[in-house]
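Here is the structure we will look at.
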Amino acid sequence: MPLSIYLKLTGGGGGKLPIIYAGGCYGSQIAHLIAKIAPHYTQGVIDVACAVLPRKQMFMRTAEGEFYFYTQHLEISCHTKSFWTPHNFSKAAFSIRNLLELKHLQIQSELSKDCIFVSYHSQKDEFKTADEKERLYKTYVDLGFDASLHLVKDKNDIDGKLIRGLKHDGISNERVFKKELPLILEKLEGKDFQREEKSLSFPSDDKIYHFKDTKDKYELKITPL
């Protein structure tokens, strides 16, 4: 049986206004995923240090915590509550969340190339995600998107304000947003973003993910391949 999920994209009725998503880490991964599954609802993505490939800690309980709280005597490892386990997180579930899936990127670009992507990422990020980010943004450019990756390479790039360090949390989300949002808006000035109903499908291992506008909702149906 196909699985149906209905999503209502906030701001989808914005008329002529562009829709821009910004975030750091998990937040900007969600922004990239929205751009993937709903390109016609995304004219800009501002990213700080998101992982391109899905990490198990984001979806299920693993030995490594997703985030931590520290007290004088305790270290508390936390996980977001989820129905996913290592046994049911399938190849298809990974694929639809994989921002580097070339076949999916090509489908995304065929529906719309209006989105402007801007990313800041440290080459020294302790999660070792810089190589994948470079590959993703090169692919965006190759497919015709306006995409810019600002890669922090060494201590010479640290200004103490926008770039405060070389680790994952060393880039200021707020300062990146304040710097890049006006530049994206300038590029989009005068363009008309009236929305039309769209649909697109992503084949993923043994399933196909179908996304379609249905009245005021965005519908997902998952069918066997």
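The values are calculated or read from the model by the stated rules, or taken from the named source; none is laboratory data. The structure displayed is predicted, hence computed values, not measured ones. Cβ sites come from the backbone with ideal geometry, for glycine too, and all protein chains shown count toward neighbours. The accessibility values were calculated without ligands, DNA or RNA, using every heavy atom of the protein model including side chains. Shrake-Rupley method; radii C 1.70, N 1.55, O 1.52, S 1.80 Å.
Taking each of LYS153/LYS191; LYS56/LYS91; LYS16/LYS178; LYS81/LYS167 in turn, the alpha-carbon distance tops 24 angstrom for LYS153/LYS191; LYS81/LYS167. If a spin label sat at a point 7 angstrom from the Cα of ASP157 along the line to its beta carbon, the backbone N atoms of the stretch 96-126 nearer than 14 Å would be those of 119-126.
Which log10 I(q)/I(0) values, to two decimals, does the chain give at q = 0.09, 0.15, 0.17 Å⁻¹ under the Debye formula with one point per Cα? Each listed q maps to, in turn, -0.40, -1.10, -1.35. Our coupling estimate for the stretch 198-209, obtained by passing each phi through the Karplus curve with A = 6.51, B = -1.76, C = 1.60 and θ = phi - 60°, is 10, 8, 7, 9, 10, x, 9, 6, 9, 9, 10, 9 Hz, Gly and Pro reported as x.
Extension gain for the segment ARG195 to LYS56, taken as residue separation times 0.36 nm less the Cα-Cα distance, is 46.6 nm to one decimal.
Excluding ligands, DNA and RNA, the accessible surface per residue across the chain is 57 Å² with a 1.4 Å probe.
Sort the stretch 131-211 into rounded, prolate or oblate with this rule: let a ≥ b ≥ c be the square roots of the eigenvalues of the Cα gyration tensor; rounded if a/c is under 1.5, and if a/c is not under 1.5, prolate when a/b is larger than b/c, oblate otherwise. Taking the square roots of the gyration eigenvalues as a ≥ b ≥ c, the stretch 131-211 is oblate. Taking the empirical scaling 2.2 N^0.38 Å for compact globular proteins as reference, the stretch 186-225 has a Cα radius of gyration ratio of 1.63.
Within the stretch 87-191, the GluC sites (Glu not before Pro) that combine a DSSP coil assignment with at most 11 other C-beta atoms in a 10 angstrom radius are GLU126, GLU189. So which residue, out of HIS210, HIS104, HIS40, gets the largest mean-square fluctuation from a GNM of the chain using Cα contacts under 10 Å as springs? Highest fluctuation among the options: HIS210.
Pairs LYS133/LYS221; LYS103/LYS221; LYS36/LYS161; LYS36/LYS103: which are spaced more than 21 Å apart, C-alpha to C-alpha?
Going by Cα-Cα distance, LYS133/LYS221; LYS36/LYS161 fall outside the 21 Å limit.
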